[in-house]
Amino acid sequence: MEFHDAHCHLPDNYFYREIERFMQEWKKSGLEYVISVSSNFSESLRSIELHKKYAEIIPGIGIHPWKAKKSLTDEQKNKFNQLVEENLPVVIGEFGLDHHFIKKEEYYSHQDETFRFFLSLAEKYNLPINIHLKGAERLVAEILETYNIPSHNILIHWYSGPENILKKFIERDYFFSINPSILGGSKHIIVLTQAELNQILTESDGNVKYTIDKERIVGSPALIPRIIERICEEKEKDVLEISNILHSNLRTYLNLD
Ligand SMILES: [Zn+2]
């Protein structure tokens with residue numbers, strides 16, 4: 001079975017330092033693509049470097065909302081713009097808004113500015129986006145409407161917010177990445193029950209740790225086959241059919257078809 005991971009933090013030292021061993025292991029078990037999301041500029045450089053080594057690694061470029069604590073300088077904006085332009089096509093991510101884990105409201109305007117800067121980049125270069133929106137779901141819904149980004153290029157990562165906003169996103173036909181937290185009984189399962197099969201991708205958000213059957217497990221592409229099994233149960237389809245749908249969804253999201 002082939003599978004993908006639409007959101008994994010490969011520039012993190014945990015993966016980066018042993019990427020050869022990890023890639024060998026994951027490819028052997030069927031990894032087709034992994035999107036290497038980045039949280040700042042130096043991680044974005046690492047994602048590009050990893051992509052040059054492995055065609056299976058798709059580079060993500062962005063600033064995580066947890067790191068958006070200052071106004072972006074023109075120099076920073078130019079550096080990101082140049083990095084994107086020289087390495088097209090890339091994915092924009094991880095970026096977005098977080099009003100849940102980040103409590104200090106003084107950072108919110110910087111998050112907003114950074115979010116909008118990367119949305120403009122995605123709009124300018126016609127790129128897929130990988131969005132973090134914890135505690136700011138309504139705001140993200142409003143802001144997204146003001147950018148000309150096709151719905152099939154919008155991926156909502158690890159949604160766990162209000163149901164009415166989820167419904168709105170489903171109606172807008174965005175993509176949603178389903179992650180290993182569903183194996184531990186999280187609220188995130190609602191995305192799987194409500195979204196259509198052609199709106200779903202899979203992700204690990206590695207190296208986030210999950211509690212599954214009372215065990216602490218490090219997220220990585222190695223967990224994706226277990227998510228696929230769970231999707232099969234929920235949607236009452238067999239593994240081959242689900243993996244074909246997921247494969248084609250990822251291609252649509254990445255503008256590969
Ligand atoms: Zn992440």
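No value in this document is a laboratory result; all are computed from the given coordinates. This one's a predicted model, so the numbers in the text were calculated from it and none came from an experiment. Here the Cβ is made from the backbone with ideal geometry for all residues, glycine too, and neighbour counts use every protein chain on show.
Taking the helices alone, the chain has a mean residue ellipticity at 222 nm of -13000 deg cm²/dmol, built from -39,500 (n - 2.57) per DSSP H run of at least 4 residues and averaged over all its residues.
Determine the gain in length on full extension of the stretch ASP238-LEU88; use 0.36 nm per residue of separation and subtract their C-alpha separation, reporting nm with one decimal.
Details: separation 150, 0.36 × 150 = 54.00 nm, distance 3.57 nm.
My answer for the length gained is 50.4 nm.
Here region 134-182 is assigned +1 on the Cβ of each Lys and Arg and -1 on the Cβ of each Asp and Glu. Its dipole about the Cα centre then comes out at about 100 debye. Pairs spanning more than 29 Å between alpha-carbon atoms, out of LYS52/LYS104; LYS53/LYS214; LYS104/LYS209; LYS27/LYS79; LYS52/LYS134; LYS67/LYS237: LYS52/LYS104; LYS53/LYS214; LYS27/LYS79; LYS52/LYS134; LYS67/LYS237.
A straight line joining the Cα centroids of region 177-203 and region 1-59 runs 22 Å. Highest-first packing order for the peptide set 133-146, 83-96 is 83-96, 133-146, based on the mean count of other beta carbon atoms within 10 Å. With the alpha-carbon atoms of region 3-253 aligned to their principal axes, the span from lowest to highest coordinate is 50, 42, 34 Å, starting with the largest. Highest average first, the peptides 153-162, 234-243 ordered by how many other beta carbon atoms sit within 10 Å of their residues are 153-162, 234-243. Overall, the chain carries a charge dipole of about 580 debye about its Cα centre when +1 sits on the Cβ of Lys and Arg and -1 on the Cβ of Asp and Glu, all other atoms neutral. Approximating the spin labels as points 7 Å out from Cα along Cα→Cβ, the GLN24-to-ASP173 distance works out to 4.4 nm. Placing +1 on the Cβ of every Lys and Arg and -1 on the Cβ of every Asp and Glu, with no other charges, gives region 115-241 a dipole of roughly 460 debye about its Cα centre. Normalised by the number of residues in the chain, the average gap of Cα pairs under 8 Å and 6 or more apart makes the relative contact order 19 percent. Residues whose amide H comes within less than 5 Å of that of SER204, counting only those at least five positions distant or on another chain, are ALA6, HIS7 (H built at 1.01 Å from N in the peptide plane).
Ranked highest first by the average count of other Cβ atoms within 10 Å around their residues, in what order do 58-64, 121-127 fall?
58-64, 121-127
Using 0.36 nm times the number of residues separating LYS79 and ASP112, minus their current alpha carbon distance, what extension gain do you get? Fully extending the segment from LYS79 to ASP112 adds 10.0 nm. With K and R counted +1 and D and E -1, the other residues having a Cβ less than 14 Å from that of GLU229 yield a net charge of -2.
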